[in-house]
Amino acid sequence: MSSYPATIPRKVNLTEIKPSSTEAGDNTPEDPSTESEIESPGGRRTLVLIAVAVPIVLVAALLVWATIRAGGRAGGAFVNDRLGEVRIDAKQAPPIELASLDGVELSLAGYRGKVVMIDFWASWCPPCARETPVLTEVYSRYRDQPVEFIGISIWDRGQDAIKFVRDFDIRYPVAIDHQGKTAIDYGVTGIPEKFFVDAEGRLVKRFVGPMDEKTLSAILDSLLSRSTAAR
């Protein structure tokens, strides 16, 4: 059974490129045709195109790597095992327009006036599986309050995501981000990863890693209190 590579390909550091033989003290004359080619406008344009293309290729390779699965599990480089808060400046939350697993259009704008927790996860992610009972329990306790959860499956297969939702009896809306656009819009770096949107539609908190019941409840209570005070 295959598995992921242990490391992510390292970006090329241009400062590590070795000097030419002339710079190193070698007096062997260089081929003038090579020098003129590099110094010509066409040569410079070629170097610029290469410099731009290399990072794009590396990012594309990482995205492909993230979507490949081996033995029902993906590489651990994208799994957040420990809870931590990422400090962010409050701003308008990026829009979410996805089809839920129930076939209903899922739009973040439709939840304006509510506190929304957005959870990015995958069926093969062990920390996601560990925390899902916590999410479902907390969600059930806040059902009568202006709170909504949105689960977004990424780097996953549709049938696996559907089975995961059924196995854990997830009652809040869940969608699959097939194209990865929503994950990119939110700057997701791994899973599980959560974003909290206040009643005014502003993105106010971001957490990586599995969340415990006490922490999740405290965040929701705090945002609900702010919402009530602002009325």
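Restricting to region 112-140, name every residue that is more than 21 Å from the chain's Cα centre (by Cα) and without any contact (Cβ under 8 Å) to a residue 60 or more places away in the chain. P133, T136, Y139, S140, listed by residue number. Surrounded by 13 or more Cβ atoms within 10 Å (Cβ to Cβ), in contact with a helix residue (DSSP H, G or I) (Cβ under 8 Å, 6 or more places away or on another chain), modelled with pLDDT of 95 or more and not in a strand (DSSP E or B): is that true of A66 in this structure? So A66 does not fit the description; no. Of all residues in region 167-226, those satisfying the criterion of being without any contact (Cβ under 8 Å) to a residue 40 or more places away in the chain and touching a Ser or Thr at 6+ places or on another chain (Cβ under 7 Å) are F168, D169, I170, R171.
Give region 122-137 a look and list any residue that's of a type in the set (A, V, I, L, M) and either touching a Lys or Arg at 6+ places or on another chain (Cβ under 6 Å) or surrounded by fewer than 20 Cβ atoms within 10 Å (Cβ to Cβ) (or both), or say none. Step through it out loud before you land on a result.
From region 122-137, those of a type in the set (A, V, I, L, M) are 122, 129, 134-135; that's our starting set.
A129, V134, listed by residue number.
Within region 89-104, being loosely packed, with under 13 Cβ neighbours inside 10 Å and either in contact with a Lys or Arg (Cβ under 7 Å, 6 or more places away or on another chain) or assigned to a helix (DSSP H, G or I) (or both) holds for A90, K91, Q92.
Being over 17 Å from T228 (Cα atoms) and hydrophobic (A, V, I, L, M, F, W, C) is the filter; apply it to region 105-119 and report the residue that is surrounded by the fewest Cβ atoms within 10 Å (Cβ to Cβ). Only one residue tops the list, namely A109. Of the residues making up region 177-199, at least one is in contact with a helix residue (DSSP H, G or I) (Cβ under 9 Å, 6 or more places away or on another chain) and over 26 Å from R87 (Cα atoms). Across region 149-180, the qualifying residues are those that are surrounded by 13 or more Cβ atoms within 10 Å (Cβ to Cβ) and at pLDDT below 95, and the one among them that is farthest from V116 (Cα to Cα) is R157.
The values are calculated or read from the model by the stated rules, or taken from the named source; none is laboratory data. What you see is a predicted model, and the numbers here were worked out from it, not measured in a lab. When we count neighbours, we look across all protein chains shown, and the Cβ atoms used for this are built from the backbone with ideal geometry, even at glycine.
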